[in-house]
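One structure is given below, encoded as structure tokens.
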Amino acid sequence: MSAASACLALFERDVMAVTRSRSQLYSTMLTPLLFLVFLGTGVSRGLEPSSLPAGNYTAYLVAGVVVMTAVFSSTFSSASYYRDRDSGLLRMLLSSPLGARWLLLGKSLAGVTIGVSQAVVVLAVAAPFVDFEWQYGVVRGLAISFAAILLLNVMLGGVAQAVATRITSMQGFHLVMNLVLFPLLFFSGAFFPVANLPTWLEVLAYLNPLSYAVDAMEVATYADSSEGFIGLGIDFAVLGVLAAAVYALGLSRVPRLSWSGK
Amino acid sequence: MSTTATGPAVQAESIIHAYGERRALDGFTVDVPRRGVFGLLGPNGSGKSTFITMVAAMEQPQTGKLKVLGEVPAAGLRARVGTVFQENAQDPNMRAAEQLLLAGRVFGMGREQARSRAEALLGQFGLGARANDPISALSGGMRRRLEMARALLHDPDLLLLDEPTTGVDPGERQALWAALLDTPDRGRTILLATNDLAEADRVCDAVAFIRDGRVIASGTPAELKRGLRREAVRVGWEGPSAEQLAQAAAWPGAGDITALEGIVHATVDDAAAFVPRLFALAGSAIRSVTIERASLEDAYFQYVNQRAPAPEAVA
């Protein structure tokens, strides 16, 4: 019980740290929203994309920028491991009777909560300004989107945590995150549908975990039918399995003193 | 000998611990009695912090035996130990009271219990008025006091202080020790690692001198200072020969004379008689002379130099 309480204390502290860091709080959401406004408007008006399943590029882009928000958020949140190490706080935490996995759990749950909240805010801000089809209705569409956002953030939190506990420097961490996660965004269907891509890129897209989160949200919000999409069944099966596996991987290696710079 | 509630607070026997090729602890043996302040005194890199880390159950010795409060150190022991690390363990963006609350809860305290204890300790360490200030706004001395309050929050049986006053000005240093030693005695043991021998002389009930990962002497400051002459003379002396040192040591009223890192160190009965003879012996090779009352530092030099290389090798 006291371990759960300690875990909750860490959770509260990490959430509070982000809410106090206004620049982190807003920039994580602002950049994706700027993408939506400028890229969405620019492509919609400038290129008139005709191959979109339901027309309207800006509406299509919303799922992509929500995923982008989750990617940014998980990166920012996991950087807190390095801040805690550099400030010395991690040393205090590791000197406590709290098991290191509880420590990781508290911090990672905070990261997931922040990521989900930010992604939901981006969706909520964007949704009134675009033409979504809501093929399952607004409430069910939002519930499906929320579930996809949650699983996506759990998965990304696990990835970020696994990277953070294996890489000593924050610069190295950002490098790995940039090299791995951001390219994944490009062929996830975030910015263009994967259905009409060359085969090699389409294969890459199906191997890309982010594609399934984008697909689930597109189906729930943007699309008027599931035709041309992967489909919710496969989306949630893949996201669920990956989220569980990657999150477990993230918790599998605990920070040690050697990691804290000694 | 088994460690009981009345036995040593910390019992270390022949601990060897290496980082790569370098042995941080090399046959480290010490008994730290329960209650009171015990000092681990030695230069930087002598193994003090490594030993503190092990006593805090944050690292296991590679070989040797260690018992802390009667237990082999493991995660559960940490609830009975509070540690002030050499560097602050604080998030500068948190407020002082928040930091203590977080620490209290990760050490197993309830929210309300941690809150009331934090309030009391902030008052005790003179930080009551700064409780809601961000830690980044506190002075260095205040941050060290906050560290001390944090380490005491869960009322540990053993308090580990790793150079707690490094970088703290004399006024703050005094305030910090006053606040700490004013704590009502509940049988707590304080293990202090420091290279400030004057501070150790003032606050420690017993000390161990450490060099190269080993304890080279231990006892009460009075025991270790026994046999020292009345005054300590530290001489900046370029290249003293073994013969010159032996000659000076044979003068009436001179105690041990040793040389380490360019400084010749002697305890004597009468510095006013000793120093002119020294100038006559060494002349312009003498760069500086300091005379003080003999202290724990002099005892330290005496013990350290019994194991040090020959004077001509280090001068």
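The values are calculated or read from the model by the stated rules, or taken from the named source; none is laboratory data. Keep in mind that what you see is a predicted model, and the values were worked out from it rather than measured. Ideal geometry is used to build each Cβ from the backbone, glycine not excepted, and the neighbour counts take in all protein chains shown.
Given B:R229, B:R277, which one is assigned to a loop (DSSP other than H, G, I, E, B), among the basic types (K, R) and at negative phi?
After applying the criteria, what remains is B:R229.
What pairs can you find where one residue is in region B:239-268 and on the phi > 0 side of the Ramachandran plot, the other is surrounded by fewer than 21 Cβ atoms within 10 Å (Cβ to Cβ) and among the acidic types (D, E), and their Cβ atoms are less than 7 Å apart, with a gap of 6+ or different chains?
Short answer, once both residue conditions are applied: B:G253/B:D269; B:G253/B:D270.
For region B:31-77, how many residues are among the hydrophobic types (A, V, I, L, M, F, W, C) and more than 14 Å from chain A (Cβ to nearest Cβ)?
7
So which residues in region A:10-23 are facing chain B (nearest Cβ under 10 Å), of a type outside the set (D, E), surrounded by fewer than 21 Cβ atoms within 10 Å (Cβ to Cβ) and under 14 Å from B:L101 (Cα atoms)?
A:M16
For region A:87-119, give me each residue that is farther than 18 Å from A:M16 by Cβ and free of Cβ contacts under 8 Å to residues at least 40 places away in the same chain.
A:G88, A:S95, A:P97
Results for (1) over 28 Å from A:A127 (Cβ atoms); (2) crowded, with 20+ Cβ neighbours inside 10 Å, shown as yes or no for each residue.
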site	(1), (2)
A:A164	yes, yes
A:M170	yes, no
A:W200	yes, no
A:L210	no, yes
A:V214	no, yes
A:V219	no, yes
A:G233	no, no
A:F236	no, no
A:S252	yes, no
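Output yes when any residue across region B:73-90 is more than 17 Å from B:M148 (Cα to Cα) and touching a Ser or Thr at 6+ places or on another chain (Cβ under 8 Å), and no when none is.
Of region B:73-90, the ones more than 17 Å from B:M148 (Cα to Cα) are B:73-77.
Still in the running and touching a Ser or Thr at 6+ places or on another chain (Cβ under 8 Å): none.
Within region B:73-90 (the criterion being more than 17 Å from B:M148 (Cα to Cα) and touching a Ser or Thr at 6+ places or on another chain (Cβ under 8 Å)), the answer is no, since none of the residues qualifies.
Of the conditions (1) away from every other protein chain (no Cβ under 14 Å); (2) surrounded by 14 or more Cβ atoms within 10 Å (Cβ to Cβ); (3) touching a helix residue (DSSP H, G or I) at 6+ places or on another chain (Cβ under 9 Å), B:S139 clears all except one; give me its number.
(2)
Please enumerate the residues belonging to region B:115-149 that are outside any helix (DSSP H, G or I) and touching a residue at least 40 places away in the same chain (Cβ under 8 Å).
The answer is B:F125, B:G126, B:P134, B:L138.
Which members of region B:193-226 meet the condition of being of a type in the set (S, T, N, Q) and assigned to a strand (DSSP E or B)?
Of everything in region B:193-226, those that are of a type in the set (S, T, N, Q) and assigned to a strand (DSSP E or B) turn out to be B:T194, B:S218.
Looking at A:V125, is it part of a helix (DSSP H, G or I), in contact (Cβ under 8 Å) with a residue 60 or more places away in the chain and within 19 Å of A:L61 (Cβ to Cβ)?
Answer is yes for this residue.
Please specify each residue of region B:276-295 satisfying the condition of being modelled with pLDDT of 85 or more and in contact with a Lys or Arg (Cβ under 9 Å, 6 or more places away or on another chain).
If the condition is that a residue be modelled with pLDDT of 85 or more and in contact with a Lys or Arg (Cβ under 9 Å, 6 or more places away or on another chain), then B:S288, B:V289, B:T290, B:I291 are the ones that fit.
With the condition kept exactly as written, say whether any residue in region B:78-89 is more than 7 Å from chain A (Cβ to nearest Cβ) and free of Cβ contacts under 8 Å to residues at least 40 places away in the same chain.
Taking every residue of region B:78-89 in turn, none turns out to be more than 7 Å from chain A (Cβ to nearest Cβ) and free of Cβ contacts under 8 Å to residues at least 40 places away in the same chain.
Keeping to region B:25-57, report how many residues are small (G, A, S) and assigned to a loop (DSSP other than H, G, I, E, B).
Within region B:25-57, the subset small (G, A, S) is B:27, B:36, B:39, B:42, B:45-47, B:49, B:56-57.
Applying the additional criterion that residues be assigned to a loop (DSSP other than H, G, I, E, B) yields B:42, B:45-47, B:56-57.
Of the residues in that region, 6 qualify.
Looking only at helices (runs of 4 or more DSSP H) that fall completely inside region A:151-262, which ones have 2 or more residues that are modelled with pLDDT under 90 and either within 24 Å of A:F35 (Cβ to Cβ) or touching a helix residue (DSSP H, G or I) at 6+ places or on another chain (Cβ under 8 Å) (or both)?
It comes to A:170-186, A:199-207, A:232-252.
Restricting attention to region B:96-107, does a residue exist that is touching a residue at least 12 places away in the same chain (Cβ under 8 Å), more than 17 Å from B:S218 (Cβ to Cβ) and out of contact with any helix residue (DSSP H, G or I) (no Cβ under 9 Å at 6 or more places or on another chain)?
No, because not a single residue in region B:96-107 is touching a residue at least 12 places away in the same chain (Cβ under 8 Å), more than 17 Å from B:S218 (Cβ to Cβ) and out of contact with any helix residue (DSSP H, G or I) (no Cβ under 9 Å at 6 or more places or on another chain).
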